[in-house]
Every structure is written in C-alpha cells, then in structure tokens.
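Working notes for the structure below.
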Amino acid sequence: MAVMAVCGALLVAGLLGLVWCGRDFRVPPVEDRPGAARVAQRFVWYCGLGITGAFVAGITVIGAGGRLAMRLLAVTAGDGAQGRITEADQVVGDITLAGTRDFILFTGIFGGLIAAAIYLVARRYLPPNPLGGLVFGAGLLVVLGTVIDPLRAENPDFDIVGPGWLSVAVFGLLALVFGPVLAGWMARLSEWLPLPSAEPRVLVRYAVPAVPALVVFPVLAPLLVLGVVVVLVTRWGALVDAVRSHRALLVGRVALVALVVLALPGALAAMSDIVGR
C-alpha cells in the first residue's frame, strides 16, 4: 500500500506540468549566422532541457502512472489472475518495492528520454500549447504506443489482466495526459534554464540536469557525437536557411500528419484486439 501511495504522490507531482501546458516554449534568441560556440551553447541547452523534462515527466507519468495503471488492471482482473506471471516475469498482485523501482527508473526514464527527444524535434510542427501537447500525446499513442508499449497487441499480459476495454482506456488516458504534462514542464523549464555560461547561478542550474545525466550516461557519447554533427552542419548556411523556411515548416507538418494517418489503422486494430480479449 505504501508503494502505491508513493506512486500516487509522484503522479500528482508530475501533473503539475498541466499548470504550465498553456505557456509558450521559450527558445533562446537565434542569430542569422550563429558561430560554432553559440550553436554548441544552444545544443547543450536543449540537452539540459530534454534530460530534465524527460526525468520529471517520465518518472511521474510513465513510471509511477504506469505502475498505478498496472495495479488497477491486476485488481480488476479478478482472483483467477492473481499469482500468474507476466511477460516481464512479475507476479500479478504481488507489489514489490524492487519491481516498482525498476519499472519507474528504467521504463519511466528511458521512455521519457525517447519522448522528450521526439518532442524537441517535433515541437516546431505542432499547434501552440496546450493543444500541441495533447496532439503530441495522441500522436505518440498512435505511432509508438501500439507498436512498442503500452498497448502492444502481442503483449500476452492482456490475456491475464484487464478487462481489455479498461486497459485501453487507462493507458490511452495516460498517453493523452503525458503529452500536455511533458509540454508544460518543457515550457516552464525553457523559462528557467538559461544558455550555459560560467556564471555561478547558471552553473548551479545546470547541476540539475547534470545529476540525471549521470544516470543515463550511455546516451552521453551519442549526444556528444550528435552535437559535433549539429555544429558542423550549421556551418552550411543554405541548409540552415532551408530548414528555417516556411516551406520546411509546412513539409514537416504534412509529414507528421501523414505518419499518424498511416499508423492509425494499425493502432485501431491493436486496440480493438485488446478490447476483445
């Protein structure tokens, strides 16, 4: 019971992001031809923002919220499901601190990192907040949620816990809530985190994303390589102008809509399969 109470408190803390989901994402001023040092500064800023937002929204909504959803579905599945083994080798109905910790840390953190990275790339093509956050959450559910998790039709756990309609409703709601929560935290953090510098107050603020960065240190090397690539690519002025153009904005929005439309039939089929179990 205490474990679920902690998960509930974490989820409530994460939902504070909804308070800021109507705010604009504050991007640092962009020069027409920024130097390599300024591009590197902005890249570090985006990394700090993404890692912090991913930890907050990922641990609270994906991690703690997902754990609460799993507990609810285990209870509603009835006595016949209790004691059975899930795909993750967990015992239905057996609430353990270690299992909850591992789920929140690994699923919550790495799921949050993936979602935050996608959001920072796709944000420019989304509607203004709060609609943008809601659209992002719905898009994640359609494109990834029914292919990877939590509504993957091939997951045998839906034959154990349920009922199926409740599984779809609960996890679907979590995805729709996660989008605005992540957008809200990102918007608030974009106001709070300045571009990196040697000022003491700035260094103190960058200590916040530095701590979780140590937890996910395997992603630091790829980020370093990506940062070098970004700095080099931005030396090509024509490409930078093309990316910033209105045409690129329109193409990006059309591409995202097309991706969701193409994924929608498969997503509906997966949800229908789960509901029918």
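The values are calculated or read from the model by the stated rules, or taken from the named source; none is laboratory data. Here the structure is a predicted model, which is why all the values come from computation and not from measurement. Methodologically, a virtual Cβ is constructed for each residue, glycine included, from the backbone with ideal geometry; neighbour enumeration extends over all protein chains shown. With ligands, DNA and RNA removed, areas are computed over all heavy atoms of the protein, side chains included. Shrake-Rupley method; radii C 1.70, N 1.55, O 1.52, S 1.80 Å.
Here residue 154 meets the list (1) within 16 Å of residue 69 (Cβ to Cβ); (2) without any contact (Cβ under 8 Å) to a residue 40 or more places away in the chain almost entirely, failing just condition (1). Of all residues in region 237-246, one or more are open to solvent by 80 Å² or more (accessible area, probe 1.4 Å), under 27 Å from residue 140 (Cβ atoms), out of contact with any Pro (no Cβ under 9 Å at 6 or more places or on another chain) and basic (Lys, Arg).
Assessment of region 175-193 against the conditions (at pLDDT 90 or above, open to solvent by less than 30 Å² (accessible area, probe 1.4 Å) and not in a helix (DSSP H, G or I)) yields at least one matching residue. With a requirement of 3 or more residues that are buried (at least 16 other Cβ atoms within 10 Å of the Cβ) and within 22 Å of the chain's Cα centre (by Cα), the helices (runs of 4 or more DSSP H) lying completely within region 63-165 that satisfy it span 66-76, 109-122, 131-140. Within region 149-171, at least one residue is closer than 30 Å to residue 209 by Cβ and at pLDDT 90 or above.
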